[in-house]
Amino acid sequence: MARRAPDPVTDLYALVYSSKAHHELSLDEIDRILDAAQRHNDREAITGLLLYNRGRFMQYLEGPPQGVRKVFERIKADPRHGEVAELVFEPIASRKFGEWSMAFRSSSAFGHSAPATDGRTILQRIGDSRGSATASELLSDFWRSG
Ligand SMILES: Cc1cc2nc3c(=O)[nH]c(=O)nc-3n(C[C@H](O)[C@H](O)[C@H](O)COP(=O)(O)O)c2cc1C
């Protein structure tokens, strides 16, 4: 059977990167990042999770591949962080964070076990088998290391 060409509208991809904040971020600064994320991500049908641990970020973006690449290009250029390393970009069967334009958790500043809104912990949510196994591993290692 012929392999189907990727569909830029209906295909789903996940991207994970890590980066280093240029300074320890305040809650206000994180709020501003999440505000921008919500605006742009809704428009590009992107959902995901931003983790912050002792000056380092790991972010998981999921959505149509073109939207994911576009949002990631903007994020990479943001002067609030550097050492941006793309770790995963691969197709997924369905979303892990469909309800959030960008969920946020920080182990260092705001407590480690904040539950997701459905009562599952963030680790359970990350490990959700519908997504990319590599992405799950990277995110849970980063989260546990906090
Ligand atoms: C760690 C980090 C994560 C970010 N995540 C997103 C994101 O998911 N989506 C997004 O649009 N912008 C995100 N941003 C912000 C963008 O880099 C950029 O500042 C913003 O999109 C600019 O929006 P504005 O010009 O409309 O204010 C992030 C920034 C940082 C530092």
Checklist entry - Taking the simple approach of a point 7 Å from Cα along Cα-to-Cβ for both ARG120 and GLU24, what is their distance in nm? => result 3.3 nm
Checklist entry - With each pseudo-label sitting 7 Å past Cα toward Cβ, what's the ARG144-ASP128 distance in nm, one decimal? => result 2.1 nm
Next on the checklist: Cross-link candidates for LYS70: which aspartates and glutamates have Cα within less than 20 Å, leaving aside residues fewer than 8 places away along the same chain?
Outcome noted: ASP7, ASP11, ASP35, ASP42, GLU44, GLU62, ASP78, GLU83, GLU86, GLU90
Next on the checklist: I'd like to compare 77-85, 124-132: which one has the highest average count of other Cβ atoms within 10 Å, and what's the full order after that?
Outcome noted: 124-132, 77-85
Checklist entry - Seen from all sides and averaged, what is the projected area of the convex hull of the Cα atoms in the range 12-145, in nm²? => result 7.0 nm²
Checklist outcome for this item: HN-Hα couplings for the range 84-94 via Karplus (6.51, -1.76, 1.60; θ = phi - 60°), in whole Hz with x for Gly/Pro, come out as 6, 10, 6, 10, 9, 8, 7, x, 10, 7, 7
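Bear in mind that the values in this text are calculations on the coordinates, not laboratory data. All values derive from a computational prediction rather than experimental measurement. Don't worry about glycine lacking a Cβ; one is built from the backbone with ideal geometry, like all the others, and counts go over all protein chains shown.
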